[in-house]
Amino acid sequence: MDALLLQILNGLDKGSAYALIALGLTLIFGTLGVVNFAHGALFMIGAFCAVTVQRFLNLSFETIDETQKDFLGNPLKVKTPYVESWFGPDLGAGIIDWSVPLAILFAIPIMVLVGFVMERGLIKHFYKREHADQILVTFGLAIVLQEVVKYFFGANPIQTPEPNMLRGSVDLGMMVGFQANAIIYPIWRLVYFFFAIGIIGGVFAFLQFTTFGMVVRAGMADRETVGLLGINIDRRFTIMFGVASAVAGLAGVMYGPLNPPNYHMGMDFLVLSFVVVVVGGMGSLPGAVLAGFLLGILESFASTTWATTTIPGINQIIIYLVAIIILLTRPRGLMGRKGVMED
Amino acid sequence: MSKNDVTRRGVLKTGAIAGAGVALPTIFTASSAAAYMNEPTGGSVTLGFNVPQTGPYADEGADELRAYELAVEHLNGGGDGGMLGTFSSKALKGNGILGKKVEFVTGDTQTKSDAARASAKSMIEKDGAIMITGGSSSGVAIAVQGLCQEAGVIFMAGLTHSNDTTGKDKKANGFRHFFNAYMSGAALAPVLAARYGNDRKAYHLTADYTWGWTQEESIKAATEALGWETVNAVKTPLAATDFSSYIAPVLNSGADVLILNHYGGNMVNSLTNAVQFGLREKMVNGKQFEIVVPLYSRLMAKGAGENVKGILGSTNWHWSLQDEGSKAFVKSFGTKYGFPPSQAAHTVYCQTLLYADACERAGTFNPCGVGQALEGFEFDGLGNGPTLYRADDHQCFKDVLVVRGKENPTSEFDLLEVVEVTPAAQVTYPPDHPMFAGGELGTCNPGA
């Protein structure tokens, strides 16, 4: 029972990332009709926003310490971050410690801007082209973006640790009556899960309870009619591209402490997120979220020793297996609507 | 009356044989004028540096390239000479190799076997490389070693740690300076026993490919010989990025040690996840829970950040060593590039010098002559103490370093501290050891 709960929990945080990326993908597909293979790159750029903020906060000046030597035997250059010199050692170190949460403030405008530039600069030219063309151009863009990041940040993973206060794990099992160490769970993974729930809730609320959201939903249902009513739906859809970009970016910012960001992380998530979108139902926002969590949990179960010894390799194919089964039994996905991508 | 022996069948047969000969790639044939593949005829000789310039190990590849360029500079008499001055063999004079200026070409392995073979093939066929060296992965090293054997050039392996490279996949034209998984196990075991005791229960997470398998086999054998029990050994996909599902069951398994048979990004992520799950703060079976990373790399330790603190592992070489060879290399490399070299940089620099030295001693670039000069060669002054290039399997035997993540680093490079230098004798195994069984060196191929 405890192992079951543990794997469900594990699946939730993985599912959170899938759900956030798939939500953005579905937003873009639902509004602009574009299959955006560069969406994983937006997730990666978000994570590197956190790396950038961390590096910015760690900008330092050097002082020579004659008492210590560097690796060549010269007097050691000691680096002191400017923030520690401006705000004092304790507050300065505290600001650096909270660089990941602080990066959210930086990432939102950056990601919205990246989304705008991507949509206005490149993707809008492919609206009337085949889906295959859209996939090729966005996939190419993803490769370019990851190579640019690699050029500036290198190929190795870069640590973006969570704040000290949120480091370590909690014994959730003991809270519900299990023995000690039965269900240990890292605090930051819980934070990530609740953060994802907050973002998903925010996006749904924005679409459901604002006039802007109402127009966007109307445009998703019937773009032409909304246009005929004199509403500039293209501008709103561009804004939604920015929102989707910010959602992917925020998912990336907060993911950094779970696994150190590297230039390739977007590609690792991209294919799985597309499977999530297809399983959830093309164009269905609730479907994307539901499928994200569902597949995250299934993947987690498939990685247990029991599963891998019973069916070797199941951990690597489970998501695709489930996708095949769902598409065979429900061709439109879990919550797909009739008419979407069926013309 | 003359008899004409030409038959339709004969013409077809002859044509087929001639066609097959023409179609055979030139890499597998040699010019009748040359005594061996890519025999240098002008005033220079070309070496092929085949390293990952793109892909996940690109940073290690970049460090390897820096070291290769430094080695070429030193071989041609430039710079401060680096380890040429400390190398026990004095055959190298700083005037190139056998009087020919050393030039080089580079290839990108992308850490993919097929790409690595293609780039090596191109360097041999198009650029006339007389020797291929490099790589940051055992899969790649084994693939390229096989190609070099077929092509008739020497392969001086870079960073490859799988037992198979000089075990079941060993080749007469291939040579490895880097240590291997068996040596890591043999070096680590006594240190683990001294620090963590003989009554431990280990849980292994293992990267599911050639290096991971041999690493798990080696460290399991070494720890079980200490009296440790192996509770579970789980293979993880090489492409895995999140290891939480694999780490979550560890605490419930009764294990009190987690051994991460992972390298590169796998190691960074699995270690980060393990620390997140609070494993190192737990007491299990009345003992402090411990994590072991059998193969360490400073570049990867940097990626894992604070998570490496206090964690034991092994490494081929570390820049903080105080022998004359290491100091000379660190000084050369550090002065030129501004930071200390990695173990990958060290091993490829050594391999380049060792190849050049073997050519000088053999008096030829012929792969068979060079191989013979390397076989059984004993040397010192290259940073690992007295070293033997064993003739039986072309594996170097030298001291192995047991290292630990440093608690209070003084700089961004000061991540590991050497806790033990395990003598070569302790990590030496017989050539017919079961972990290395199954392959034959074969005979050297000069490509002619």
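The values are calculated or read from the model by the stated rules, or taken from the named source; none is laboratory data. What you see is a predicted model; the values in this text were computed from it and never measured. Counting neighbours? That spans all protein chains shown, and the Cβs are built from the backbone with ideal geometry, glycine included.
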Could you please let me know if B:V370 is buried (at least 24 other Cβ atoms within 10 Å of the Cβ), modelled with pLDDT of 95 or more and aliphatic (A, V, I, L, M)?
yes
Restricting to helices (runs of 4 or more DSSP H) lying wholly in region B:191-296: which have 2 or more residues that are buried (at least 24 other Cβ atoms within 10 Å of the Cβ) and in contact with a Pro (Cβ under 8 Å, 6 or more places away or on another chain)?
B:210-226, B:265-276
Check B:G78, B:G107 and return the single one that is on the phi < 0 side of the Ramachandran plot, of a type in the set (G, A, S) and assigned to a strand (DSSP E or B).
B:G107
Just give me the residues in region A:172-186 being in a helix (DSSP H, G or I) and either more than 11 Å from every other protein chain (Cβ to nearest Cβ) or without any contact (Cβ under 8 Å) to a residue 24 or more places away in the chain (or both), in sequence order.
A:L172, A:M174, A:M175
Any hit, region A:38-61, residues being under 24 Å from B:L415 (Cβ atoms) and touching a Lys or Arg at 6+ places or on another chain (Cβ under 7 Å):
yes
Among the residues of region A:89-118, how many are charged (D, E, K, R) and surrounded by 15 or more Cβ atoms within 10 Å (Cβ to Cβ)?
1
In region A:334-343, anything within 18 Å of A:I28 (Cα to Cα) and at pLDDT 70 or above is listed as A:M335, A:G336, A:R337
Given the conditions (1) closer than 17 Å to A:M44 by Cα; (2) surrounded by fewer than 16 Cβ atoms within 10 Å (Cβ to Cβ), every one holds for A:W86 apart from (1)
Only unsatisfied item for B:H318, checking (1) within 10 Å of another protein chain (Cβ to nearest Cβ); (2) of a type outside the set (G, A, S); (3) under 28 Å from A:D70 (Cα atoms), is (1)
Being buried (at least 21 other Cβ atoms within 10 Å of the Cβ) and charged (D, E, K, R) narrows it down to one residue among B:D414, B:D399; which is it?
B:D399
Among the residues of region B:208-229, which ones are away from every other protein chain (no Cβ under 13 Å) and free of Cβ contacts under 8 Å to residues at least 60 places away in the same chain?
B:G212, B:W213, B:E216, B:K220, B:A222, B:T223, B:E224, B:A225, B:L226, B:G227, B:W228, B:E229
Residue in region B:164-176 that is surrounded by 23 or more Cβ atoms within 10 Å (Cβ to Cβ), touching a residue at least 24 places away in the same chain (Cβ under 8 Å) and among the acidic types (D, E) present:
yes
For A:R189: the one exception among (1) among the charged types (D, E, K, R); (2) within 19 Å of A:P286 (Cα to Cα); (3) within 14 Å of chain B (Cβ to nearest Cβ)
(2)
Quick one: which residue in A:L190, A:L207 is part of a helix (DSSP H, G or I), touching a strand residue (DSSP E or B) at 6+ places or on another chain (Cβ under 9 Å) and either surrounded by 15 or more Cβ atoms within 10 Å (Cβ to Cβ) or at positive phi (or both)?
A:L190
Considering (1) away from every other protein chain (no Cβ under 14 Å); (2) surrounded by 16 or more Cβ atoms within 10 Å (Cβ to Cβ); (3) within 21 Å of A:F29 (Cα to Cα), say which one A:G202 fails and leave the rest.
(2)
From the set of residues in region A:149-163 that are among the aliphatic types (A, V, I, L, M) and over 21 Å from A:V191 (Cα atoms), which is nearest to the other protein chains (Cβ to nearest Cβ)?
A:A155
Taking region B:110-136 and keeping residues in a strand (DSSP E or B) and among the β-branched types (V, I, T) leaves B:I132, B:T133
Qualifying positions in region A:1-17 - more than 11 Å from every other protein chain (Cβ to nearest Cβ) and surrounded by 24 or more Cβ atoms within 10 Å (Cβ to Cβ)
A:G15, A:S16
Please verify whether B:K100 is touching a Gly at 6+ places or on another chain (Cβ under 8 Å), in contact (Cβ under 8 Å) with a residue 60 or more places away in the chain and over 18 Å from B:F333 (Cβ atoms), treating the condition exactly as stated.
yes
Matching option when the condition is part of a helix (DSSP H, G or I) and either surrounded by fewer than 24 Cβ atoms within 10 Å (Cβ to Cβ) or among the polar types (S, T, N, Q) (or both), among A:I231, A:I297
A:I297
Output the number of residues of region A:130-162 satisfying the condition of being over 11 Å from A:F48 (Cα atoms), buried (at least 19 other Cβ atoms within 10 Å of the Cβ) and at pLDDT below 90.
3
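Residue-by-condition table, conditions (1) at pLDDT below 95; (2) in the same structural domain as B:Y263 (by TED's automatic domain parsing); (3) not hydrophobic (A, V, I, L, M, F, W, C):
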site	(1), (2), (3)
B:S89	no, no, yes
B:L92	no, no, no
B:I97	no, no, no
B:V105	no, no, no
B:A129	no, no, no
B:G134	yes, no, yes
For region B:70-86, name all the residues that are touching a strand residue (DSSP E or B) at 6+ places or on another chain (Cβ under 8 Å) and either outside the structural domain of B:S332 (by TED's automatic domain parsing) or surrounded by fewer than 24 Cβ atoms within 10 Å (Cβ to Cβ) (or both).
B:V72, B:N76
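This table checks each residue for (1) within 19 Å of the chain's Cα centre (by Cα); (2) within 22 Å of B:G79 (Cα to Cα).
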site: B:S332; (1), (2): no, yes
site: B:C368; (1), (2): no, no
site: B:D393; (1), (2): yes, no
site: B:F413; (1), (2): no, no
site: B:P423; (1), (2): no, no
Taking only region B:241-262 into account, find how many residues are more than 8 Å from every other protein chain (Cβ to nearest Cβ) and touching a helix residue (DSSP H, G or I) at 6+ places or on another chain (Cβ under 7 Å).
9
